[in-house]
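The values are calculated or read from the model by the stated rules, or taken from the named source; none is laboratory data. Please read these numbers as outputs of a predicted model, since none were measured by experiment. All Cβ positions, glycine included, derive from the backbone under ideal geometry; neighbour counts span all protein chains shown. Note: areas computed on protein heavy atoms with side chains; ligands, DNA, RNA excluded. Shrake-Rupley method; radii C 1.70, N 1.55, O 1.52, S 1.80 Å.
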Amino acid sequence: MNAPPAVSIQASHALGAAFIFKKALISALVALVLFSLMIGVRTEAGPTGQLIYWTRFGDLAAMVATVFGGSIVVELLRQWWGPVGTIRVVPTNVKSALALARRGIAPVLLIFTFLVPVIFYDQRYILDLGILVLTYVMLGWGLNVVVGLAGLLDLGYVAFYAVGAYSYALLATNFGLSFWICLPLAGILAALWGVMLGFPVLRLRGDYLAIVTLAFGEIIRLVIINWQSLTGGPNGVSGIPRPTMFGIPLTPGDDGLAAKLGIEFSPTHRIVFLFYLILALALLTNWVTIRLRRLPIGRAWEALREDEVACRALGINTTTTKLTAFATGAMFGGFAGAFFATRQGFISPESFTFQESALVLAIVVLGGMGSQLGVALAALAMIGGFELFRGLEQYRMLVFGIAMVLLMIWRPRGLIGHRAPTVFLERSQAISSDLVKEGHG
Amino acid sequence: MSGDHILSVDRLSMRFGGIVAVNDLSFGAERRKITALIGPNGAGKTTVFNCITGFYKPTSGTMQLTHDDGRAIRLERLNDFRISKQAKVARTFQNIRLFPGMTALENLMVAQHNALMRASGLTFLGLIGAPSWRSAEQHAIDLARTWLERVGLVDRADEAAGNLPYGDQRRLEIARAMCTEPALLCLDEPAAGLNARESASLSELLLSIRAGQGTSILLIEHDMSVVMEISDHVVVMDYGVKIAEGTPQQVRDDPKVIAAYLGTDEEEAIAVMESGT
Ligand SMILES: Nc1ncnc2c1ncn2[C@@H]1O[C@H](COP(=O)(O)OP(=O)(O)OP(=O)(O)O)[C@@H](O)[C@H]1O
Ligand SMILES: [Mg+2]
């Protein structure tokens, strides 16, 4: 306490260098052990079936050196940018400019999104990408209710997406129900499944909850594959009707929208319609979530994430609170699923693998758990980024992985790392994410 | 043991495997009075609280809560959240359990969950912003503000609970418990970690709760100055059994109590004696 600060800083730097070196050395050792067989020795079956092998010690050395150097760089970056114990002096005018930018970003983004079909009317690729991004924004916002607000780690979110998609597909192809009737039905059915998943996992926490939800996601997929008579099995469901604009189909025929408006038909009309449809659905999700946060149920979700024992001491029924979180998240997943089915016109179990759950969860975590804007930005960065690096082919995943690692070092609590209070007396002060709990389940 | 008891604990026992934390304990808490539960470390006081508030299911024994209107509730038959919701028993924790990432005001709003849930028409009325919901919400904010004023935290209403100093967190936890509008308030060492001035204002707060709200208080406390000053009745536990009870004066002079404290920690026993006189 009384020591001059300069001395202690120098001491911690000296300590830091030794620490970084040691850490890098350990990483390099691990890499050496791992890669000596994976890279160092190459084996192949010869023409007569015998084993041929040769060594690649040069590559191995390069790999280990990369790990060693990379580890030092990562550690240094972490110390410079890291949130732990670093005090960065930011001039107040820069700070206020940043705050202004932060406040402005949501409306600007929203207006831009509304204008996307106008600006990029001729670019089908951009419109399709926009629809894809918005679908993930919606899924992210839906999962955010469960993971970000209620703090329940759900690794099987794709199950509800699948339930929604198949509900619409089967109801529409078998009973000829229209999209606008099926949409709420798909949401309700998915919510029911959410409750059904919720019951067995109520007593589970943390890793156990994650594993059971993961299994649930797989079970739904396997049921879809094996229940051939209903779902068509691996062949999926095709010929799913396209959405109509409240009964008016978007087709070139005489009763189509184009003919009724007296304009020339273009297939882009449907794409633009789908774009605004998913935008509306996503905004509905956002609006409902923001409202729910300010209602007792939403506060109870967040309180559950903060401290379940205290919740029970205050007379909150934690069982129904968890179930409503699961059901609400699942319902939004179901809506998104129904949209997915009508957009694709064809669905199969392949679209509902664990990878989807992982991607949506990554969006929520990356965005900053609980932050609506963060989730939207993360969806844009992840899905958009994925497309951006399409040219890099097999290196795409590598770039993606590095970006994720860097981001998690720089911002361990996600892009938007603070929580906005739901009610205030004098003024709303953002709460630092260091105080906000991640939940235990 | 006569008088109007809000809580009657009868032959309560709680066993954890081989450990008997509470052994055949009987006592009562009088209505609109402050009852203190004291005893050396590990005596089983917190365990009694956990039984009363439904966090533990007692091995044997009964706990009856009688409301002002004569309605009697058997606490051992209710589980966790129903004890707060139906029996109107609120509690605080020995190691503070606030919602650290929520503001002080939000903490008090969460405490009014059940009332607000009804007012929001199980969320649906709230979602459409019905006027009845809006007025109920305003009412809840007003109640929270009242309690923030009473514990002297109204200036820090919009700060994260986890950011408040220790003493403020203790008082906020009491305010949060009071926002459930309880009939019986159970406080587990509310003065722990407070300085002399803060302890004195805590005593004042508890006396004003008893006088103003008519809430009965059950208090676990090691700070004898608080216990001696505000309790109407003191129950002393050691090794899970009741070793004495009576008025603060009676208990203070009881040789068994002195021995219990001496047996565990001489300094503590002396402190008890000195602070009491
Ligand atoms: N969940 C549990 N499992 C096993 N043993 C427990 C459990 N809870 C309490 N005990 C034991 O019961 C005994 C009484 O503990 P308790 O916490 O009730 O004491 P206390 O009177 O509150 O002490 P302190 O003044 O230190 O808070 C202790 O020996 C403790 O180890
Ligand atoms: Mg205790």
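Numbers for the structure displayed
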{"item": "For A:D207, net neighbour charge (Lys/Arg +1, Asp/Glu -1) across residues whose Cβ lies under 15 Å away", "result": "0"}
{"item": "Neighbour net charge for B:R71 - beta-carbon separation under 15 angstrom, K R +1, D E -1", "result": "+3"}
{"item": "The stretch A:313-363 and the stretch B:24-78: distance between their alpha carbon centers, rounded to Å", "result": "43 Å"}
{"item": "Cα-based helix-to-principal-axis angle, B:131-150 vs chain B, degrees rounded to 10", "result": "40 degrees"}
{"item": "Listed residues A:V73, A:V137, A:V145, most fluctuating in chain A (Gaussian network, C-alpha, under 10 Å)", "result": "A:V73"}
{"item": "Range of Cα positions in chain B per principal axis (Å), largest first", "result": "64, 40, 36"}
{"item": "Full-extension gain in nm, A:L51 to A:E264, via 0.36 nm per residue minus C-alpha separation", "result": "70.0 nm"}
{"item": "Cα Rg over Rh - the stretch A:13-81, Kirkwood", "result": "1.23"}
{"item": "Space enclosed by the convex hull of the alpha-carbon atoms of the stretch A:378-436, per residue, Å³", "result": "86 Å³"}
{"item": "Top of B:I38, B:I217, B:I230 by mean-square fluctuation, Gaussian network on chain B, Cα under 10 Å", "result": "B:I230"}
{"item": "Efficiency of FRET from Cβ geometry, A:L185 and B:N79, R₀ 25 Å, rounded to 0.05", "result": "0.10"}
{"item": "Computed log₁₀ I(q)/I(0) - Debye formula, equal Cα scatterers, no solvent, chain A, q 0.14 Å⁻¹", "result": "-1.35"}
{"item": "Accessible area that becomes buried as A packs against B, both chains, 1.4 Å probe, Å², nearest 100", "result": "3400 Å²"}
{"item": "Ratio Rg/Rh, restricted to the stretch A:141-260 and using Cα atoms, in which Rh is the Kirkwood radius", "result": "1.09"}
{"item": "Residues of the stretch B:208-244 with amide N under 20 Å of a point placed 7 Å along Cα→Cβ from B:T66", "result": "B:214-219, B:232-235"}
{"item": "Folded to 0 to 90 degrees: helix B:166-178 orientation relative to chain B principal axis, Cα", "result": "70 degrees"}
{"item": "Choice from A:E387, A:E302, A:E264 with maximal GNM fluctuation in chain A (Cα, 10 Å cutoff)", "result": "A:E264"}
{"item": "Estimated inter-spin distance, B:F16 and A:F21, nm [label 7 Å along Cα→Cβ]", "result": "4.8 nm"}
{"item": "Protection-proxy order for peptides B:93-106, A:184-197, A:31-44, each taking the mean of Cβ atoms within 10 Å per residue, highest first", "result": "B:93-106, A:184-197, A:31-44"}
{"item": "Segment A:V41-A:S432, length gained on full extension (0.36 nm per residue, minus Cα span)", "result": "135.8 nm"}
{"item": "Förster radius 56 Å - calculated FRET efficiency between A:T173 and A:A420 (Cβ-Cβ, nearest 0.05)", "result": "0.80"}
{"item": "Whole-percent carbon and sulfur share, accessible surface of the stretch A:97-432, 1.4 Å", "result": "68 percent"}
{"item": "Residues of the stretch A:13-81: accessible area per residue with a 1.4 Å probe, Å²", "result": "71 Å²"}
{"item": "Positive minus negative residues near A:G217 (Lys, Arg vs Asp, Glu; Cβ under 10 Å)", "result": "-2"}
{"item": "Helix A:206-226 axis, angle to chain A major axis (alpha carbon atoms, nearest 10°)", "result": "40 degrees"}
{"item": "10 Å Cβ neighbours from other chains, averaged over peptide A:424-436", "result": "5"}
{"item": "Per-peptide average of other Cβ atoms within 10 Å, ordering A:53-64, A:155-166 highest first", "result": "A:155-166, A:53-64"}
{"item": "Subset of A:K437/B:K57; B:K45/B:K88; B:K85/B:K242 violating a 26 Å alpha-carbon distance limit", "result": "A:K437/B:K57; B:K85/B:K242"}
{"item": "Estimated inter-spin distance, A:L109 and A:V33, nm [label 7 Å along Cα→Cβ]", "result": "4.2 nm"}
{"item": "For the stretch B:100-181, alpha-carbon Rg and Dmax in angstrom", "result": "13.1, 40"}
{"item": "Accessible surface of chain B, 1.4 Å probe, proportion on carbon and sulfur as whole %", "result": "49 percent"}
